[in-house]
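Presented below is the structure to which this report refers.
The values are calculated or read from the model by the stated rules, or taken from the named source; none is laboratory data. Everything numeric here is computed off the predicted structure, so don't read it as measured data. Every residue, glycine among them, receives a Cβ derived from its backbone with ideal geometry; neighbour counts consider all protein chains shown. For accessibility, only protein heavy atoms count, side chains too; no ligands or nucleic acids. Shrake-Rupley method; radii C 1.70, N 1.55, O 1.52, S 1.80 Å.
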Amino acid sequence: MMTLKDKESQLIEDFGMFEDWMDKYGYIIELGKSEAPMNEEEKVDELLIKGCQSRVWLNANMKEGKVHYRADSDAVIPKGIAALLTSLFSGHAPDEILEFEPVFIKEIGLAQHLSPTRSNGLSSMIRQIKNYALAFKTKV
Amino acid sequence: MNSNPSSPKLTSKAPLTAQVAQWRSYFPALEQKVHGHPLVYLDNAATSLKPHSVIEEITRYYSTINANVHRANHSLGHASTEVYEAARSRIANFIGAKDVSSIVFTKGTTDSLNFLADTLGTSFLKPGDAVLLTESEHHSNMVPWIELIAKRGIQLVYLPVDRSGHLDMEAYVDLLDSRSDIRLLTIAHSSNLTGAVHPLKEMITKAKAKGISVLVDGAQGVVHQSVNVTGLGCDFYAFSGHKLYGPMGIGVLYIHPKWFATLPPYQYGGGMISEVQFDRVTFAEEPYKYEAGTPNVAGAAGLKAAIEFLDDEIDLSAAWEHEQHLYKRLLHGVEQIEGVSVLGGGDRAQDPIVSFYVEGVHHYDLATMLDGLGVAVRAGHHCVQPLLRKWGLKGTVRASLAFYNTEAEVDYFLQSLERVLGMLQ
């Protein structure tokens, strides 16, 4: 079982293969396509992430001590970024998620490439991922 | 993984005329790369780039003058006052105002419009009075008036706008004939969403015939056509420095002198009084009674430098002709791309703005990926939410031109747009 840190290193390495931003965006778009879309009924306003200029929904459930995340968006790039986050954080215990301080956003240049508002959206996504972990931890 | 071989390059066959090259040389911000690509700046309707002379004037002001205006009895204070008042005169001349005191400095168009909604709301508009505006007004010329519904009991009447961005002039005439409660028309010179230029002269003449006062939001209009407030016959004209190649944080409110007696000050404090006792104040004369506090002198100086730059260095009729030429190329190119729908367009008077959307593609994805290719455009609701909602749209992508843009840049944008759409669809 890979740790979050290992998975993050792998992610940074994957992005290092791309020569320019169009290729990175192409990869992010593909990631979004691989994430199963949410049902329309599931896309309720309570699951919307605040701070995104497009609509991004994030949901989570707990199975055998591990958190599993799912996300969707009405825009393609945010959906890909959300998919990147859900695959990174899914399958880990709440404690590991809560302790993990991601560095990949800076490393792969996402922060400088997304508009400030979108970047805020990205940090809002991570905050919400941690909020779910905290809620599950408190419940256990 | 290799870059896409069909990657667009900034190498159009279209010649860059000597004149456009000369114009570009005045703007240092054009000389940079964004994400490894030469910057293609097509967000001019949000704010324009600044020429060297404006940047230098601001530096000069802070380096050698930097004193408070009007009250200082020392040389730098006199110099500062001189700079500030020279800017006022230059602006009066620029927009054809007969009386220099009718030029009030503000923070920008939004500040000018809030100024008027607030002061007209208390001094001129009575509960039940109607204010006429268009559906395509920028939020800056809508929200301050919406606030007056609750605060002052006024009504808002909206003139419909069609998908070309133009107004229904028959509806306008009908409204003027059928309603006697309209006291103010507040209207953009041209739309920041579609670029449509409104027939102001005709509209003002008709409003005036019914005794209706007129306020013009010139934030976009003043950039792309010559303005003469006296010829237009408007009561108020508001604009910002930063869209007119000047600094941010400085704007203008033209107030026709006949309003001086009616219109109270907007803010109170230093610089706007002639005498203060513990319980009573006599205000200074216009325009000073409308300018409380230390003004943005460097901003005023920078705006004057921008106007002088346009006067001295730029052949404005050639510049506007070039903008229209680029606009047509851009509009034609965008319309050729499958799935793209344009708001605005058509044959009528038009600022060089193309606003469009693509069914099934989110505008933020488009703008984010275009930025990856060095192209700056705006995506979103452009502060015109109610109208976009009426049309069933969440947002558009807007490309807006300035005279320093080139045919090659327009072509590069079109190629980039096609490439990005190919990845998103």
Note down all Cβ pairs under 9 Å where the first residue falls in the range B:196-210 and is over 26 Å from B:Ile353 (Cβ atoms), the second is among the acidic types (Asp, Glu) and at pLDDT 95 or above, and they're at least six residues apart or on different chains. B:Lys210/B:Asp177
Inter-residue pairs, beta-carbon under 6 Å, first modelled with pLDDT under 90 and in the range A:47-67, second aliphatic (A, V, I, L, M) and crowded, with 18+ Cβ neighbours inside 10 Å, 6+ apart: A:Ile49/A:Val56; A:Ile49/A:Leu58; A:Ile49/A:Met125; A:Ser54/A:Ala75
Go through the range B:343-382 and report how many residues are away from chain A (no Cβ under 11 Å) and outside any strand (DSSP E or B). 11
Please work out which one of (1) more than 27 Å from A:Glu99 (Cβ to Cβ); (2) within 11 Å of chain B (Cβ to nearest Cβ); (3) open to solvent by less than 30 Å² (accessible area, probe 1.4 Å); (4) over 12 Å from the mean Cα position of the chain (by Cα) is the condition A:Val76 fails and give its number. (3)
Only one of B:Ile149, B:Ile91 that is within 19 Å of the chain's Cα centre (by Cα), aliphatic (A, V, I, L, M) and either surrounded by 15 or more Cβ atoms within 10 Å (Cβ to Cβ) or in a helix (DSSP H, G or I) (or both): B:Ile91
What number goes with the only condition from (1) in a loop (DSSP other than H, G, I, E, B); (2) within 13 Å of chain B (Cβ to nearest Cβ) that A:Met2 does not pass? (2)
Anything in the range A:1-23 that is touching a residue at least 24 places away in the same chain (Cβ under 8 Å), charged (D, E, K, R), open to solvent by 30 Å² or more (accessible area, probe 1.4 Å) and closer than 15 Å to A:Leu84 by Cβ? List them, or say none. A:Lys7
For the range B:118-144, name all the residues that are under 30 Å from B:Gly395 (Cβ atoms), touching a Leu at 6+ places or on another chain (Cβ under 6 Å) and not β-branched (Val, Ile, Thr). B:Leu132, B:Glu135, B:Ser136, B:Ser140, B:Asn141, B:Pro144
Restricting attention to the range B:281-327, the residues that are aromatic (Phe, Trp, Tyr), surrounded by fewer than 23 Cβ atoms within 10 Å (Cβ to Cβ) and within 21 Å of the chain's Cα centre (by Cα) number exactly 2
Which numbered condition in (1) surrounded by 24 or more Cβ atoms within 10 Å (Cβ to Cβ); (2) of a type in the set (S, T, N, Q); (3) in contact (Cβ under 8 Å) with a residue 24 or more places away in the chain is the only one that B:Thr368 fails? (3)
With in a helix (DSSP H, G or I) and either on the phi > 0 side of the Ramachandran plot or of a type outside the set (A, V, I, L, M, F, W, C) (or both) as the only criterion, which of B:Ser112, B:Ser136 stands out? B:Ser112
Given the criterion closer than 21 Å to A:Tyr132 by Cα and over 15 Å from the mean Cα position of the chain (by Cα), identify the matching residue among A:Glu41, A:Glu13. A:Glu41
Does any residue of the range B:98-110 turn out to be touching a Pro at 6+ places or on another chain (Cβ under 7 Å), open to solvent by 60 Å² or more (accessible area, probe 1.4 Å) and either of a type in the set (A, V, I, L, M, F, W, C) or closer than 20 Å to B:Ile182 by Cα (or both)? no
Residue by residue through the range A:20-65, note down the ones that are closer than 23 Å to A:Lys137 by Cα and assigned to a strand (DSSP E or B). A:Leu48, A:Trp57, A:Leu58, A:Asn59, A:Ala60, A:Asn61, A:Met62, A:Lys63
In the range B:209-228, is there at least one residue being open to solvent by less than 20 Å² (accessible area, probe 1.4 Å), touching a Cys at 6+ places or on another chain (Cβ under 8 Å) and assigned to a loop (DSSP other than H, G, I, E, B)? no
In a strand (DSSP E or B) and modelled with pLDDT of 95 or more, is that true of B:Ile187? yes
Mind checking which residues of the range A:25-48 are within 14 Å of chain B (Cβ to nearest Cβ) and open to solvent by less than 30 Å² (accessible area, probe 1.4 Å)? A:Tyr25, A:Gly26, A:Ile28, A:Ile29, A:Gly32
Residue match in the range B:235-257 (condition: open to solvent by 10 Å² or more (accessible area, probe 1.4 Å), free of Cβ contacts under 8 Å to residues at least 60 places away in the same chain and either in a loop (DSSP other than H, G, I, E, B) or of a type in the set (Val, Ile, Thr) (or both)): no
Are any of the residues in the range A:92-109 part of a helix (DSSP H, G or I), crowded, with 18+ Cβ neighbours inside 10 Å and within 14 Å of chain B (Cβ to nearest Cβ)? no
Residues of the range B:50-75 classified as modelled with pLDDT under 95 and at negative phi, total: 8
